[in-house]
Amino acid sequence: MELTELTIKQAHEGLKNKQFSSKELTLAYLENIKKTDKELNAFLTVTEDLAISQAEKVDEKIKKGEEINLLEGIPCAIKDAILVEGQKCTAASKILENYVAPYDATVVKKLKEQGAVILGKTNLDEFAMGGSGENSAFGPAKNPHDKTRVAGGSSSGSAASVAANEACFALGSDTGGSIRLPSSFCGVVGLKPTYGAVSRYGLIAFGSSLDQIGPITKNVEDAKIVFKAISGKDPLDATSVDLEKFKNYKNLKISNLRIGVPKEYFVKGIDKEVEKIIKNVIKKAEDAGAEIIEISLPSVEFALACYYIIAPSEASANLARFDGIKYGLSAPAENLLDVYLKSKGRGFGAEVKRRIMIGTYTLSSGYYDAYYKKAQEVRSLIKKDFKEAFVPPEAGSRCGGKKVDLIFCPVSPCPGIKIGEKTDDPLSMYLMDIYTVSVNLAGLPAISLPAGKAGSLPVGLQIIGNHFAESKILAIASELEKLLK
Amino acid sequence: MISKEEVKHIAKLARLELTEAEITKMQKDLSAILDYFNLLKKADTGQHPVLTKSQHWVFPESNNLRKDEAIPQKREVVEKIIQSAPDKKDDYIKVKNIL
């Protein structure tokens with residue numbers, strides 16, 4: 001087995017038993033990046049010097065016979081919307097092309113403290129806005145399974161790098177599906193944690209009531225390791241919460257699980273192959289003893305419209321800071337207004353401009369009530385739908401009625417699309433997010449688990465849990481992973 | 001269909017300079033997207049009056065507001081932040097005339 005094919009746990013064992021050094025492991029990944037990334041375009045920056053110096057430090061520790069953490073000496077990749085001190089952070093935008101991060105994001109600080117090795121910064125849709133990765137100002141990351149297709153977005157490079165063995169694991173961020181969608185397209189595991197489970201300090205903000213950082217990994221066990229390493233309360237993100245009080249569902253088994261299947265998610269528009277693969281997994285879970293319950297989420301039909309008002313509204317406020325004054329591209333101009341107009345006009349790409357325009361429109365006086373306020377009301381309906389579907393946390397493992405432990409559905413209505421297939425029609429691109437955005441609106445955790453292939457293209461199963469039920473999702477995903485092998 | 005004038009007005013509010021070609025494309029795209037938003041009219045939100053501001057948070061209990069005060073930073077961080085400004089003098093960020 002190649003070094004770069006190892007999971008976190010396997011690589012950790014190898015390091016501990018001195019079968020190879022962290023430097024050897026790191027160099028193997030750097031070699032892979034050099035070999036394949038010219039074509040794949042998963043990385044925007046390779047932080048070779050940083051990676052090697054981090055790896056050497058870990059090797060010193062091992063040489064001295066010191067204990068090492070699970071993540072110590074393990075090479076990873078970071079989405080280029082998350083700050084790594086002293087390295088460029090572009091958000092795949094011309095406006096931040098030469099921006100150097102002045103500090104570490106909390107998640108990066110945590111990974112560094114635990115000894116993880118940072119290989120580089122990965123490609124994304126500009127400012128994390130997109131479902132295909134094609135909105136990057138530096139060209140799309142390609143799908144390792146078929147290079148004529150997209151890797152999925154917005155964490156395109158993070159998912160592609162893990163799938164192509166260019167990194168052992170990666171961090172992504174998910175505002176409306178940006179971890180799950182590329183994980184589904186690239187055939188890797190991607191976890192979008194509960195809103196508040198992971199600090200966003202140092203993540204370039206897109207939709208602040210939706211954004212969440214999470215792991216993209218080769219298997220479920222690795223996702224669990226990385227999630228544990230990055231989660232928890234952070235005084236620098238007021239929305240982050242302490243996870244200590246949340247239950248561990250280690251003993252949860254498929255055999256005593258109640259799985260909800262939303263009837264609204266299996267209607268026209270879904271690719272036949274995708275539907276077959278997801279239904280097959282549900283059948284396997286049923287054969288393993290799970291109770292399958294058809295549920296209804298009547299308001300999810302509004303989720304996409306609701307999301308595409310709320311996310312751009314928040315983005316239009318968050319992106320106002322890129323004004324040519326404090327950092328980033330600054331267009332030469334005579335007066336302040338022209339600095340704003342020209343810097344934004346030249347710095348932002350088409351999709352970012354479109355979202356700023358949508359958000360500005362829906363927040364403008366005269367339209368606020370019809371769009372933004374209405375969307376917030378609909379958001380509360382969507383939250384209510386999920387709340388009513390799940391077993392309440394205080395009810396423990398059993399409660400009456402038709403309440404479910406987890407929800408199973410597709411991540412995306414289709415497998416990875418062709419590069420260029422939907423770029424001329426933004427609305428058809430947005431429709432790819434139909435199964436992912438409601439999770440962010442409700443602040444829930446969800447995973448994309450490789451469930452099968454449509455031809456050569458991977459298809460992900462989405463498992464959605466109640467707030468802070470990550471350990472429940474991970475326990476069941478881990479069991480399913482074995483069943484699907 | 002929204003008008004070109006509306007597109008220009010919104011772009012001005014957003015401090016976004018758009019070319020003529022961008023305005024034409026934006027008019028088409030925004031019209032299609034705003035049409036799609038009409039779907040929300042079907043949603044019966046009558047029983048659920050708009051939430052108060054604090055309830056907008058996913059978890060009201062985690063709505064931790066801090067005092068609005070300056071938090072001292074290390075000199076090196078301050079220097080790095082000033083360094084990233086396109087136009088600066090000493091410890092100040094320079095801004096163009098507003099008149």
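The values are calculated or read from the model by the stated rules, or taken from the named source; none is laboratory data. Note that the structure is predicted; figures quoted are calculated from it, not measured. When we count neighbours, we look across all protein chains shown, and the Cβ atoms used for this are built from the backbone with ideal geometry, even at glycine. Surface accessibility is based on the protein's heavy atoms, side chains included, excluding ligands, DNA and RNA. Shrake-Rupley method; radii C 1.70, N 1.55, O 1.52, S 1.80 Å.
Could you tell me what a quarter of the Cα convex hull surface of the range A:1-40 works out to, in nm² with one decimal place? That works out to 2.9 nm², a quarter of the Cα hull's surface. When the Cα positions of A:ILE95, A:PRO298, A:SER136 are compared along the charge dipole of the protein assembly as shown, A:PRO298 comes out farthest toward the positive end, with charges on each C-beta of Lys, Arg, Asp and Glu. Among A:TYR99, A:TYR308, the order of accessible area from largest down is A:TYR99, A:TYR308, computed with a 1.4 Å probe on protein heavy atoms.
For A:THR122, the residues 5 or more places off, or on other chains, whose built amide H falls under 5 Å of its own are A:LEU44, A:ILE78, A:LYS79, A:ASP80. In whole Å, how far is the Cα centre of the range B:1-40 from that of the range A:84-156? Spelled out, the Cα-based centre of one part sits 29 Å from the other. In the range A:68-191, the ratio of gyration radius to Kirkwood radius, Rg to Rh, stands at 0.96 when only Cα atoms are counted.
How large is the accessible surface per residue of the protein assembly as shown, computed with a 1.4 Å probe and reported in Å² as a whole number? The partial results should precede the final answer.
Details: 24190 Å² over 584 residues.
That works out to 41 Å² for each residue.
Taken along its three principal axes, the alpha carbon spread of the range A:143-263 comes to 46, 41, 33 Å, from the longest extent down to the shortest.
With bins 5 Å wide beginning at 0, the percent of Cα pairs of the range A:414-464 falling in each bin runs 4, 16, 22, 22, 20, 12, 2. Take the Kirkwood radius over Cα pairs of the range A:305-372, plug it into Stokes-Einstein at 4 °C and 1.567 mPa s, and you get 103 µm²/s for translational diffusion. For the range A:260-355, the average shadow cast by the Cα convex hull is 9.6 nm², which is a quarter of the hull's surface.
Quick check: net charge around A:VAL58, other residues with Cβ under 13 Å of its Cβ, Lys/Arg +1 and Asp/Glu -1? Neighbour charge sum, excluding A:VAL58 itself: 0. Pairs of Cα atoms nearer than 8 Å and 6+ residues apart set the relative contact order; for the range A:305-372 it is 42 percent. For the range A:305-372, the dipole from Cβ point charges (+1 on Lys and Arg, -1 on Asp and Glu) about the Cα centre works out to 220 debye, to the nearest 20.
Shielding by partners for B:22-32, please: the mean number of other protein chain Cβ atoms within 10 Å of each residue's Cβ. Per-residue shielding by partner chains comes out at 3. Dimensions of the range A:286-334 based on its C-alpha atoms, expressed as ranges along the principal axes with the largest first, amount to 69, 25, 11 Å. For the protein assembly as shown, the convex hull spanned by the alpha carbon atoms encloses 159 Å³ per residue.
Would you calculate a helix-derived [θ] at 222 nm for the protein assembly as shown, using -39,500 (n - 2.57) for each DSSP H run of n ≥ 4 and dividing by the full residue count, to the nearest 500?
Counting only the DSSP helices, I get -11500 deg cm²/dmol.
The DSSP beta bridges internal to chain A are antiparallel in roughly 65% of cases.
Starting from the Cα coordinates of the range A:340-485, work out the convex hull volume and express it per residue in Å³. Can you show the working numbers first?
Values: hull volume 25.3 nm³, N = 146.
Cα-based convex hull of the range A:340-485, divided per residue, equals 173 Å³.
Expressed as a rounded percentage, what relative contact order does chain A have, with Cα pairs under 8 Å and six or more residues apart? RCO, chain A: 17 percent. Remark on the range A:218-311: hydrodynamic radius 17.1 angstrom, per the Kirkwood mean of 1/r across alpha carbon pairs.
Roll a 1.4 angstrom probe over the protein heavy atoms and tell me the percent of accessible area of chain A that is carbon or sulfur. Within chain A, the accessible surface is 50 percent carbon and sulfur.
For the range A:40-120, the set of trypsin sites (Lys or Arg not before Pro) satisfying both a DSSP loop assignment and a count of at most 12 other C-beta atoms within 10 Å is given as A:LYS64.
Exposed loop sites are taken as GluC sites (Glu not before Pro) in a DSSP loop (any state but H, G, I, E or B) with at most 11 other beta carbon atoms within 10 Å; the longest stretch of chain A without one runs A:68-243.
Along its principal axes, the range A:67-115 has C-alpha extents of 43, 17, 13 angstrom, given from the largest down.
Note on surface exposure: A:ASP271, A:ASP125 rank A:ASP271, A:ASP125 by accessible area, highest first, 1.4 Å probe.
Interface of B with A. Using a 1.4 Å probe and counting protein heavy atoms only, the two chains hide about 5100 Å² of accessible surface, both sides summed. Determine the distance separating the Cα centre of the range A:273-307 from the Cα centre of the range A:1-64; give it in Å without decimals. Cα centroid of the range A:273-307 versus Cα centroid of the range A:1-64: 38 Å apart. For the range B:69-85, which residues drop by 40 square angstrom or more in accessible area between the chain on its own and all protein chains together (1.4 Å probe)? Buried on complex formation: B:LYS80, B:SER84.
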